[in-house]
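Following: one structure in structure tokens, then a few remarks.
The values are calculated or read from the model by the stated rules, or taken from the named source; none is laboratory data. Please read these numbers as outputs of a predicted model, since none were measured by experiment. Glycine gets a Cβ as well: all are built from the backbone with ideal geometry, and neighbour counts include every protein chain shown.
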Amino acid sequence: MKLEKFYYDNQIVKMFAYATVLWAVVGMLVGLYAAFQMAFPAISMGLPYTTFGRIRPLHTNAVIFAFVGNGIFMGVYYSLQRLLKTRMWSDALSRINFWGWQLIIVSAAITLPLGFNTSKEYAELEWPIDIAIALIWVVFGLNMMMTIIKRRERHLYVAVWFYIATFVTVAVLHIVNSFELPISFLKSYSWYAGVQDALVQWWYGHNAVAFFLTTPYLGLMYYFIPKAANRPVYSYRLSIIHFWALIFLYIWAGPHHLLYTSLPDWAQSLGTVFSLMLIAPSWGGMLNGLLTLRGAWDRVREDPVLKFMVVAVTCYGMATLEGPILSIKSVNAISHFTDWTIAHVHIGGLGWNGFLTFGMLYWLIPRMFKTKLYSIRLANAHFWIGTLGIIFYALPLYWAALTQWSMWQDFSADGFLVYPTFLETVTQIVPMYVMRAIGGTLFFIGAIVMVYNLVKTVKAGSFEKEEAAEAPALEKEYKEHSKEHWHRGIERRPVQLMILSLIVILIGGVIEMVPTFLVKSNVPTIEAVKPYTPLELQGRDVYIKEGCNACHSQMVRPFRHETERYGEYSKSGEFVYDHPFLWGSKRTGPDLAREGANKLKKSDAWHFEHLIEPDRMSPGSIMPVYAWLATTELDTSTTEAKINAMRTLGVPYPEGYEKQANKDLVAQQAKIVASIKEGGIDAIPNTEMIALIAYLQRLGRDTQLKDQTAEK
């Protein structure tokens, strides 16, 4: 059989490898800055661009989409060419993929600290950037699918199945969750409201973890562990079960992020059931990866690449066991809104994604530069420093979570809350936050050691930009074997595999979302709930811009300790005009759902002083200062567009109201300024501070009277 000569494109792999290392350092450094702010809020220096609320989404986007995203492209572009025995279909599309992705990352790094933030977890970027993400993702997918079609290898290896499923699912998730109505170049409102928005967001949010942080990395695991160990994958049949069961079950699990919320119970139950079922395929994949090393365990002691990969797969197994456990309602009652979830996410992020990426870099760079790794000892040092970093990061947060939860629900013998003030539960866990920051520092130091090691390796080697290879052309007709496994037929047909994957992942999303949108009884309305006033609407956008939802929830769960502390538990009808929803994921500060109607309701003057000097009004507070809001002019030129947009989305503002909205805004401002003056403070009208106070004082007001809480 005649062999065809061709060349692998290593240049694109090198570009993504360098970007991976660069954004690893940047993303971790920003994360460290945010972590230290949790213990020492003064380091934000009172600047609007450095507060935790603005820095936190910058960190998550930098780590997920910059570090891990470039790691995915690095590994896929390297492995796909070799698995298919062909060069990528289009060098031009490869470069567009690279530079387009880097421009998206840079745009996120600029817009997020400036406060352009949709508030949606892992989807904070505004609509122009969302469109760019979709276009670049299609470029990547087109290049990948055309490369698969022109391959020289008949059957698609398991890694390629995961790459295909990743492409189609991420595209669906991103497009559906990004339906938004623009009102300006960098401001939009979610097309969905309240309960529906929460469901769509966590259908996306959980599956962004599943299909961006998990399935592509499983494909990389199936390629790089056998390569590094020089062993075949343990079980072909197990890989089939792992793939199809995982992509079918994962898509249902999103509602487990919304347990005990206003989401309908049937949707919460579906999320729990399918999350528990996920243990089987997840652990099947983990075991398939670890058992691939059978007969090679002696090498693990010496080879840092295998060390990183073994711990990565182990962390994958730990995270995918813990996740389903956290979806059990009794456990979720403890973990939700606490640091347990943060610890859980970082076991996966630091251990699974971080360590597997480090292992790939240590394996790839020497081969592409035709040399040996500069220092095995430094790589081993990186492994142990990083491992200690993960431990020091996660364990204090587990301790903090249990401490805070036990304090939240602690009642005295007389039936009163032992810690009625939320701040009492925060000051107790600050030492744990310090330990978490130390753990992050160790992990970061390990990454710096890696950078030094890789730089020295690159300098010692000679880069092979075009790697020569030979393989026979794909036969025109394939004759099936009588004893061939049934799945081999699917593996020969990439387009059919892509379509079948799409169908499998759509089933769960359709079944969960369609009833929530079309059956009115799933979201009963409340007559007393009215649209926000123009000033409150503007204040809500200030709240979103400053990332307040990163630390404050707006969802009182039906627990005695929550209703005693905050007031009546939240109903789905309260949120019908909320575009987007703001239920939150973590309580670093108290829940604000009843802030304007709380039995200990605070005055406008108190809110003003608290935003300027949090620690003076609440000694021990770790909230950053927001003094600039008191002098930052509110942009009322957007009021008309915002009212029109909300009416388009179904909020019942009267026709023509947008023309008089600013008059009502000014009148409400005057009342708040006068109220603040009664507290002895001369506040400047028409500032973002006044708008934010208006919004905070509105929260919970519509449902504060018992006769108003009856649902239709």
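The table below gives the values:
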{"read-out": "Positions within region 637-672 being among the aliphatic types (A, V, I, L, M) and in a helix (DSSP H, G or I), in sequence order", "value": "641, 643, 645, 646, 661, 665, 666, 667, 670, 672"}
{"read-out": "Total residues in region 341-392, condition assigned to a loop (DSSP other than H, G, I, E, B) and either more than 27 Å from residue 7 (Cβ to Cβ) or not polar (S, T, N, Q) (or both)", "value": "6"}
{"read-out": "Region 539-588 - residue that is of a type in the set (Gly, Ala, Ser), over 23 Å from the mean Cα position of the chain (by Cα) and outside any loop (DSSP other than H, G, I, E, B) and, of those, surrounded by the most Cβ atoms within 10 Å (Cβ to Cβ)", "value": "539"}
{"read-out": "Residue identified as under 27 Å from residue 291 (Cα atoms) and touching a residue at least 40 places away in the same chain (Cβ under 8 Å) among 270, 238", "value": "238"}
{"read-out": "Which listed residue, of 283, 266, is under 30 Å from residue 524 (Cα atoms), among the hydrophobic types (A, V, I, L, M, F, W, C) and in a helix (DSSP H, G or I)", "value": "266"}
{"read-out": "Tally of residues being in a helix (DSSP H, G or I), closer than 16 Å to residue 158 by Cα and of a type outside the set (Gly, Ala, Ser) across region 491-506", "value": "7"}
{"read-out": "Candidates 18, 7, 49 - the one that is hydroxyl-bearing (Ser, Thr, Tyr), part of a helix (DSSP H, G or I) and surrounded by fewer than 21 Cβ atoms within 10 Å (Cβ to Cβ)", "value": "18"}
{"read-out": "Odd one out for residue 415, checked against (1) at negative phi; (2) free of Cβ contacts under 8 Å to residues at least 12 places away in the same chain", "value": "(1)"}
{"read-out": "Residue list for region 649-666, restricted to those being over 17 Å from residue 629 (Cβ atoms) and either surrounded by 12 or more Cβ atoms within 10 Å (Cβ to Cβ) or not assigned by TED's automatic domain parsing to the domain that holds residue 628 (or both)", "value": "649, 651, 653, 657, 658, 660, 661, 662, 664, 666"}
{"read-out": "Of all residues in region 1-23 being out of contact with any Leu (no Cβ under 9 Å at 6 or more places or on another chain) and aliphatic (A, V, I, L, M), the one that is farthest from residue 349 (Cα to Cα)", "value": "1"}
{"read-out": "Which numbered condition residue 501 misses (of (1) over 20 Å from residue 653 (Cβ atoms); (2) among the small types (Gly, Ala, Ser); (3) at pLDDT below 95)", "value": "(3)"}
{"read-out": "Residue list for region 673-693, filter: part of a helix (DSSP H, G or I) and of a type in the set (Val, Ile, Thr)", "value": "673, 676, 690, 693"}
{"read-out": "Unique residue being in contact (Cβ under 8 Å) with a residue 60 or more places away in the chain and within 20 Å of the chain's Cα centre (by Cα) when the list is 30, 63, 13", "value": "63"}
{"read-out": "Residue that is farthest from residue 442 (Cα to Cα) [pool: residues in region 353-370 that are buried (at least 23 other Cβ atoms within 10 Å of the Cβ) and touching a Ser or Thr at 6+ places or on another chain (Cβ under 8 Å)]", "value": "365"}
{"read-out": "Criterion: part of a loop (DSSP other than H, G, I, E, B) and either within 26 Å of the chain's Cα centre (by Cα) or among the aliphatic types (A, V, I, L, M) (or both) - qualifying residue of 119, 94", "value": "119"}
{"read-out": "Residue match in region 229-243 (condition: surrounded by fewer than 18 Cβ atoms within 10 Å (Cβ to Cβ), of a type in the set (S, T, N, Q) and more than 24 Å from residue 64 (Cα to Cα))", "value": "yes"}
{"read-out": "Residues within region 424-456 that are surrounded by fewer than 17 Cβ atoms within 10 Å (Cβ to Cβ) and either over 25 Å from the mean Cα position of the chain (by Cα) or outside the structural domain of residue 373 (by TED's automatic domain parsing) (or both), tallied", "value": "8"}
{"read-out": "Members of region 357-400 that are over 16 Å from residue 17 (Cβ atoms) and among the hydroxyl-bearing types (Ser, Thr, Tyr)", "value": "375, 387, 393, 398"}
{"read-out": "Pair list, Cβ < 6 Å and 6+ apart or interchain, from region 507-527 residues that are assigned to a helix (DSSP H, G or I) to residues that are among the β-branched types (Val, Ile, Thr)", "value": "508/251; 509/251; 522/516"}
{"read-out": "Qualifying residue in region 660-676 (condition: among the acidic types (Asp, Glu), closer than 22 Å to residue 184 by Cβ and without any contact (Cβ under 8 Å) to a residue 24 or more places away in the chain)", "value": "no"}
{"read-out": "Qualifying positions in region 122-151 - of a type in the set (Ser, Thr, Tyr) and part of a helix (DSSP H, G or I)", "value": "147"}
{"read-out": "Residue in region 399-422 that is farthest from residue 344 (Cα to Cα), counting only those that are of a type in the set (Val, Ile, Thr) and part of a loop (DSSP other than H, G, I, E, B)", "value": "418"}
{"read-out": "Among the residues listed as 313, 300, 273, the single one being buried (at least 23 other Cβ atoms within 10 Å of the Cβ) and part of a helix (DSSP H, G or I)", "value": "313"}
{"read-out": "Tally of residues being in a loop (DSSP other than H, G, I, E, B), of a type in the set (A, V, I, L, M, F, W, C) and in contact with a Gly (Cβ under 7 Å, 6 or more places away or on another chain) across region 589-608", "value": "2"}
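Okay, residues lined up against (1) more than 25 Å from residue 157 (Cα to Cα); (2) at pLDDT below 95; (3) aliphatic (A, V, I, L, M):
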position	(1), (2), (3)
246	no, no, yes
261	yes, no, no
272	yes, no, no
275	yes, no, no
302	yes, yes, no
312	no, no, yes
